[in-house]
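**Student:** Sharing a structure, written as structure tokens. Questions coming.
The values are calculated or read from the model by the stated rules, or taken from the named source; none is laboratory data. Because the structure is a prediction, the values reported are computed rather than measured. Using ideal geometry, Cβ is built from the backbone for each residue, glycine included, and neighbour counts are taken over all protein chains shown.
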Amino acid sequence: GAVVSQHPSWVICKSGTSVKIECRSLDFQATTMFWYRQFPKQSLMLMATSNEGSKATYEQGVEKDKFLINHASLTLSTLTVTSAHPEDSSFYICSARNPGVAVNTEAFFGQGTRLTVV
Amino acid sequence: LAKTTQPISMDSYEGQEVNITCSHNNIATNDYITWYQQFPSQGPRFIIQGYKTKVTNEVASLFIPADRKSSTLSLPRVSLSDTAVYYCLVGDPPQTGANNLFFGTGTRLTVIP
């Protein structure tokens, strides 16, 4: 079935540096992908909607200059956490649906990326 | 998007049937009900989806009453590996393209040996 893959699975970075997380749809093209953030023992919070060939749409309270999203191709979206700080440490998850199915009801999620900022 | 309410946590012994109920009083006519499962440090995984009455697949059943203001996920004969967080989501699935999903608090199920 359709698979969404994230890379890396985990990353540790120093405070002030930037980190890029990749999200790929492996066997379908996704014009739209979604980025979530999840803190320990909390639910997933939608951060932004990544649109191929256009600007991402950010949820209220999410800093677009800090969380840069690029969706340059139909199979790849990237999230860059710029000037990371310890409070950005979290579990980041992307998702996409397969638009090639007439009535698609399932969203596929990546395995997540554990970011730790020290 | 309709808001959902679920129990925060549930415990069950191995081999028992587990029923997790989700309330969604403001569900819209076009909304479907979808359940996802999430293990620690993994992305959510689709379990089942339905619109009305009953849906069954190889892992679960979904019961939806006529008024659709609630739904119950039924997991038959749970095992330790079913320990996870279960999310109930309500929304209109897209015909094409993609649509975002908003997650509620979820239900943390712990299966006890």
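**Student:** Please enumerate the residues belonging to the range A:1-21 that are within 12 Å of A:Ser90 (Cβ to Cβ) and exposed (fewer than 12 other Cβ atoms within 10 Å of the Cβ). Give the derivation first.
**Tutor:** If we filter the range A:1-21 for residues that are within 12 Å of A:Ser90 (Cβ to Cβ), which is where we start, we get A:10-11, A:19, A:21.
Hit for the range A:1-21 is A:Trp10, nothing else.
**Student:** Follow-up. I'm trying to understand the selection: among the residues of the range B:32-58, which are β-branched (Val, Ile, Thr) and within 13 Å of chain A (Cβ to nearest Cβ)? Reasoning before the result, please.
**Tutor:** Of all residues in the range B:32-58, those β-branched (Val, Ile, Thr) come to B:33-34, B:47-48, B:53, B:55-56.
Hits for the range B:32-58 are B:Ile33, B:Thr34, B:Ile47, B:Ile48, B:Val55.
**Student:** Cβ contacts < 7 Å: first residue at positive phi, restricted to the range A:20-34; second residue modelled with pLDDT of 85 or more and in a strand (DSSP E or B), any location; separation 6+ or different chain. Result?
**Tutor:** Listed pairs, sorted by first residue: none to list.
**Student:** Scan the range A:78-118 residue by residue and report those that are within 18 Å of B:Tyr36 (Cβ to Cβ), at pLDDT 90 or above and surrounded by fewer than 20 Cβ atoms within 10 Å (Cβ to Cβ).
**Tutor:** Within the range A:78-118, just A:Gln111 meets the criteria.
**Student:** Please find, among A:Arg37, A:Arg24, the residue that is assigned to a strand (DSSP E or B), within 12 Å of chain B (Cβ to nearest Cβ) and surrounded by 19 or more Cβ atoms within 10 Å (Cβ to Cβ).
**Tutor:** Working: A:Arg24 fails: within 12 Å of chain B (Cβ to nearest Cβ).
Within the list A:Arg37, A:Arg24, the selection yields A:Arg37.
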